[in-house]
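First up is the structure itself, then whatever we jot down about it.
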Amino acid sequence: MDMVPVYSPQSESEAAVLTALMQAYGIRFHIRGGAFSALYPGTVSTSLNEQVLMVAGEQAELARQLLESFKNDGSNARDPV
């Protein structure tokens, strides 16, 4: 299964919301850096605590559609590296 990056959450709480969203729609996902970022909680300031939402390649378009309104709500979200 190919995993592709679709979004970089800026905090643990944002990652939790994304996790719930992906689970609600049955999208296979993984948050790269999720466990390590717990060592350096808070907003993303370095690559050490950066998280990236990775989704199954065949579900990437659906995930991007779901994230579109999330990304356009005025937050300071970043696209993946």
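Kindly indicate the residue of the range 66-81 that is among the aliphatic types (A, V, I, L, M) and either surrounded by fewer than 11 Cβ atoms within 10 Å (Cβ to Cβ) or more than 19 Å from ALA24 (Cα to Cα) (or both) and also modelled with the highest pLDDT among those meeting that condition.
Going residue by residue through the range 66-81, those that are among the aliphatic types (A, V, I, L, M) are 66-67, 77, 81.
So of that shortlist, the ones also either surrounded by fewer than 11 Cβ atoms within 10 Å (Cβ to Cβ) or more than 19 Å from ALA24 (Cα to Cα) (or both) come out as 77, 81.
Details: ALA77: 51, VAL81: 47.
Step by step, filter the range 66-81, then rank; the result is ALA77.
Exactly one of these conditions fails for ALA63: (1) at pLDDT 90 or above; (2) hydrophobic (A, V, I, L, M, F, W, C); (3) over 12 Å from the mean Cα position of the chain (by Cα). Give me its number.
Unmet for ALA63, out of (1) at pLDDT 90 or above; (2) hydrophobic (A, V, I, L, M, F, W, C); (3) over 12 Å from the mean Cα position of the chain (by Cα): (3).
The values are calculated or read from the model by the stated rules, or taken from the named source; none is laboratory data. What you see is a predicted model, and the numbers here were worked out from it, not measured in a lab. In this analysis, Cβ positions are derived from the backbone assuming ideal geometry, glycine residues included, and neighbour counts consider all displayed protein chains.
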